[in-house]
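Have a look at the structure below, then the notes.
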Amino acid sequence: MKKVDFSNPHRKKHFDFFREMNHPHFNVTANVDISILLPFLKDHKFPINIGMVYLLARTANEIPEFRWRIRGDEVVEHPLAHPSFTVSTDVADVFSFCSVDFSYDSNVFFDKASTIMENMKTNPSLEDEIGRDDFLFMSTFPWVSFTSIQHAMHYHPSDSVPRIVWGKFFEQDGKTWMPLSVQAHHAIVDGRHIGQFFQDFEAMASAASDFL
């Protein structure tokens, strides 16, 4: 990882302003077009959940600010951020966390994710590795096409790991849509970065064969 230095005085003021807030995270929720992506995943027999995790994690990794993390008075940039996402289990009616090292090679990622998810069904965990902040916290909420969402999290001190959630797909105007929520720490991620995330994900979903 490398240290991020704010050489621009206004950018440093922006960081300090939001870092001192009691609730510095902000959340954007919007519907994204998956009309091409969903049938592509089904036709190629790719697990839909893993496909979403891969493309969302890839989108986040290509925006440097999604790999920035606050550590005390400093900001560091990780070379990669790794998805830690929720999966159902066979031993209880609550979820398990499933952390998978991200790889741009989709075949490598799919194989790793499938193996770890299978293990988590019978050996669930709610713990991430202590001391690591190079995660992307992800979850699916497949029961509702939600229009907003709020996360449980520590506010004091607040962590700077982005939260990404997708919901129940629905049909409208001849297209398939997916509600997508992206939450991030405002001291390091601004509105234009989250806007870029949504634009980049839709572009990637429309050209799925180039990435999967």
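Of the residues making up segment 135-170, those that are buried (at least 20 other Cβ atoms within 10 Å of the Cβ) and among the hydrophobic types (A, V, I, L, M, F, W, C) are F135, L136, F137, M138, V161, I164, V165, W166.
Of the residues making up segment 171-191, those that are open to solvent by 10 Å² or more (accessible area, probe 1.4 Å), part of a loop (DSSP other than H, G, I, E, B) and on the phi < 0 side of the Ramachandran plot are H186, D190. Here F46 meets each of (1) in a loop (DSSP other than H, G, I, E, B); (2) open to solvent by less than 40 Å² (accessible area, probe 1.4 Å); (3) of a type in the set (F, W, Y) with one exception, condition (2). Taking the criterion of being under 22 Å from M52 (Cα atoms) and of a type in the set (A, V, I, L, M), the residues of segment 153-187 that qualify are V161, I164, V165, M178, L180, V182, A184. Residues that are among the aliphatic types (A, V, I, L, M), in a helix (DSSP H, G or I) and either within 15 Å of V28 (Cα to Cα) or over 17 Å from the mean Cα position of the chain (by Cα) (or both) within segment 192-212 comprise I194, A208, listed in sequence order.
How about segment 145-167: which of its residues are part of a loop (DSSP other than H, G, I, E, B) and hydrophobic (A, V, I, L, M, F, W, C)?
Here is the first cut: in segment 145-167, the residues part of a loop (DSSP other than H, G, I, E, B) are 145-154, 156-157, 159-162.
Scanning segment 145-167 gives F146, I149, A152, M153, V161.
Restricting attention to segment 150-187 and to residues that are in contact (Cβ under 8 Å) with a residue 12 or more places away in the chain and of a type in the set (D, E, K, R), the residue that is farthest from V28 (Cα to Cα) turns out to be K175. Consider segment 1-15. How many of its residues are without any contact (Cβ under 8 Å) to a residue 60 or more places away in the chain and open to solvent by 100 Å² or more (accessible area, probe 1.4 Å)? Residues meeting the conditions: 4. No other residue among F66, F18 is more than 18 Å from the chain's Cα centre (by Cα) and open to solvent by less than 50 Å² (accessible area, probe 1.4 Å) apart from F18.
Restricted to segment 194-212, and to residues there that are touching a Leu at 6+ places or on another chain (Cβ under 8 Å) and of a type in the set (A, V, I, L, M, F, W, C), the residue that is most open to solvent (accessible area, probe 1.4 Å) is F211.
The values are calculated or read from the model by the stated rules, or taken from the named source; none is laboratory data. Given the structure is predicted, the values throughout are model-derived calculations rather than measurements. Note that we place each Cβ from the backbone using ideal geometry, even for glycine, and neighbour counts take in every protein chain shown. Only protein heavy atoms, including side chains, enter the accessible area calculation; ligands, DNA and RNA are left aside. Shrake-Rupley method; radii C 1.70, N 1.55, O 1.52, S 1.80 Å.
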